[in-house]
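Chemist: Handing you a structure now.
None of the figures in this text is laboratory data; all of them are computed from the coordinates on show. Since the structure is predicted, the reported quantities are computational estimates derived from the model, not experimental observations. Neighbour counts run over all protein chains shown; Cβ positions are idealised from the backbone, glycine included.
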Amino acid sequence: MRTMNLLADIRELLLPRVCPVCGKLLMAGEDVLCAFCAIGLPRCRVVSIEDNQLLRMIWDKADVRKGTTFLSYNHYSPYHNLIIDIKFHGRSDLAVTLGNWAAAEAEKQGFWKSVDALVPVPLTRWRRWRRGYNQAEMLAKGMSEVTGLPVLNLLKRTKNRTPQSRLKGEARKKNAEGIYSASVPNEWCGKTFVLVDDVMTTGATLAACANALQRADKDATICIFPLAYAG
Ligand SMILES: [Zn+2]
């Protein structure tokens, strides 16, 4: 134990941990964010998990039963760094922790009732390989640690097209449809799945994934849980 502490101290000295939001050194006992930034997390509280702004964005594109989110996404807020870190800076650990927090918050809303599994939005194989992990899968892993639900990689991103972040509105919707395909094993047919992603903007990606799952299993019930919502 003593050796472990010593190693942790040496590691701390060589690679000091900093808060991804404000950049300050983390103190002992501060986990991934400094206490100040942890308190100020821009939580996005949905009024109802069955009728809210996320669902209204997606209902014209896909049949989705319920949905929630954890954070309000604002490109100009320093909290934007959380998303950058989990996507581009190799912080899969941060994604798992954020998944833990998001799942615990959703538990208070009764969101996990009757859910059978978590399904991450996939990356292309090439991007998954380059990044070393899929951030949506890491978020789902964090959610799984809290809920005990399995993470099922039922979706595949089949075509490599323009990244959604470069497109707007109708172009996003068109771009997203046809990119995803799904296969649902017999024992998972007719179940309730929660689609997990990092940020929801127009909902085009989540809708395309929901439609792909329902093409593979018409009896599937789909719910959505992006970590953050850019509403
Ligand atoms: Zn901070």
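Chemist: What is the spin-label model distance, in nm, from Phe88 to Glu107 if the labels are put 7 Å beyond Cα along the C-beta direction?
Modeler: Going by the 7 Å Cα→Cβ label model, 3.4 nm.
Chemist: Only counting other Cβ atoms within 10 Å, I'd like Leu54, Leu98, Leu167 sorted with the fewest neighbours first. Present the calculation step by step, with values, prior to reporting the outcome.
Modeler: Numbers: Leu54 24, Leu98 28, Leu167 18.
Going from sparsest to densest Cβ surroundings: Leu167, Leu54, Leu98.
Chemist: What ranking do Ile49, Ile83 get, fewest neighbouring Cβ atoms within 10 angstrom at the top? Could the numbers behind the result be given before it?
Modeler: Values: Ile49 19, Ile83 22.
Exposure proxy ranking, most exposed first: Ile49, Ile83.
Chemist: Restricting attention to the chain, give the cysteines that have no other cysteine Cβ less than 4.7 angstrom from their Cβ.
Modeler: Here Cys22, Cys37, Cys44, Cys189, Cys209, Cys223 come out as lacking a disulfide-compatible partner, given the Cβ-Cβ threshold of under 4.7 Å.
Chemist: Same structure, new question: Write down the radius of gyration of the chain and its Dmax, each obtained from C-alpha positions, in Å.
Modeler: 18.1, 58
Chemist: Moving on. Please give the calculated 222 nm ellipticity per residue for the chain, where each DSSP H segment of at least 4 residues contributes -39500 (n - 2.57) and the sum is spread over every residue; nearest 500 deg cm²/dmol?
Modeler: Values: 9 runs with 91 residues, N = 231.
Calculated at 222 nm, the ellipticity per residue is -11500 deg cm²/dmol.
Chemist: Oh, and also: For the range 164-231, what is one quarter of the convex hull surface built on the Cα atoms, given in nm²?
Modeler: Numbers: hull surface 18.2 nm².
Result: 4.6 nm².
Chemist: On to the next question. Considering all alpha-carbon pairs of the range 96-162, what whole percent are spaced by more than 20 angstrom? Don't skip to the answer; put the middle values down first.
Modeler: Values: 699 of 2211 pairs.
Result: 32 percent of Cα pairs exceed 20 Å.
Chemist: Next up: Note the full-extension length gain between Lys156 and Ser114 as 0.36 nm times their separation in residues minus their Cα-Cα distance, in nm to one decimal. Display every interim value, and only then the final one.
Modeler: Details: separation 42, 0.36 × 42 = 15.12 nm, distance 2.47 nm.
Length gained between Lys156 and Ser114: 12.6 nm.
Chemist: In what order do Cys209, Cys189 fall by count of nearby beta-carbon atoms within 10 Å, going from fewest to most? Each step should come with its number before you reach the end.
Modeler: Numbers: Cys209 30, Cys189 12.
In order of increasing Cβ crowding within 10 Å: Cys189, Cys209.
Chemist: Further, regarding this structure: List the pairs from Lys61/Lys108; Lys113/Lys191; Lys113/Lys141; Lys24/Lys87; Lys108/Lys191 whose alpha-carbon separation is above 24 Å, in the order I gave them. Before the final figure, lay out the partial values.
Modeler: Details: Lys61/Lys108 28 Å; Lys113/Lys191 13 Å; Lys113/Lys141 18 Å; Lys24/Lys87 21 Å; Lys108/Lys191 22 Å.
From Lys61/Lys108; Lys113/Lys191; Lys113/Lys141; Lys24/Lys87; Lys108/Lys191, over 24 Å: Lys61/Lys108.
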